[in-house]
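Enquirer: Here it is, the structure, as structure tokens.
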Amino acid sequence: IASSCLTLGVSSIHGIGVFAFVDIKGGTAIQVLGKLPCETCNQTRWAAWEEVHSMPEDVQAEVKKRFWYQQEGALVPRKGLNEISIPQFFNHSDEPNISYNMKLDEWRAITHIPKGTECTIDYRTCFPDAFYYYQEIAQLHSS
């Protein structure tokens, strides 16, 4: 518990994001439990808006707040919304302040992250195969 440093909050980037609740020095390894939602392509699926709109209103609101969506639908977890892990709330930035080494399963602060700052990752480098796979899906659904 003493090494805890991350919490969830309202993001100016998209929906909910991950924030530092203490200052984090650059280079610090960060213990993060849970998996990225797109770490393997079978953890998520594309739900058409017709399906999303058939869900209870509160569930629809959570989908729109928590997950990536396009004109044609939303990318949702196959197991539902009851499973929460910090990594699924990292938002993308071209200039991230957190890195993830998949081979070592290690999260690390790239730069000093002041208390209250949103922690972001670069989706292209954290999980490149899934990132480009979902980019292709989005393009198919937006055309």
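Values in this text are rule-based calculations from the coordinates and carry no lab data. Everything numeric in this text was worked out from a predicted model, so none of it was measured. FYI the Cβ positions are ideal-geometry reconstructions off the backbone, even for glycines, and counts take in every protein chain you see.
Enquirer: Tell me which residues come under 5 Å, amide H to amide H, from THR117 once H is placed; ignore anything under 5 positions away on its chain.
Expert: Here the answer is ALA20, since their amide H atoms fall under 5 Å of that of THR117.
Enquirer: Of the listed peptides 14-21, 55-62, what is their order by residue-averaged count of other C-beta atoms within 10 Å, with the highest listed first?
Expert: Going by the mean number of other Cβ atoms within 10 Å, highest first, we get 14-21, 55-62.
Enquirer: Out of residues 5 or more away from ILE110 or on other chains, whose amide H comes under 5 Å of its own, with H placed 1.01 Å from N in the peptide plane?
Expert: GLY27, ILE98, SER99
Enquirer: Continuing with this model, one more query. Tabulate in residue order the Karplus-calculated ³J(HN,Hα) for the stretch 18-32, using 6.51 cos²θ - 1.76 cosθ + 1.60 with θ = phi - 60°, rounded to whole Hz; enter x for Gly and Pro.
Expert: 9, 10, 7, 9, 9, 5, 10, 5, x, x, 5, 6, 10, 7, 10
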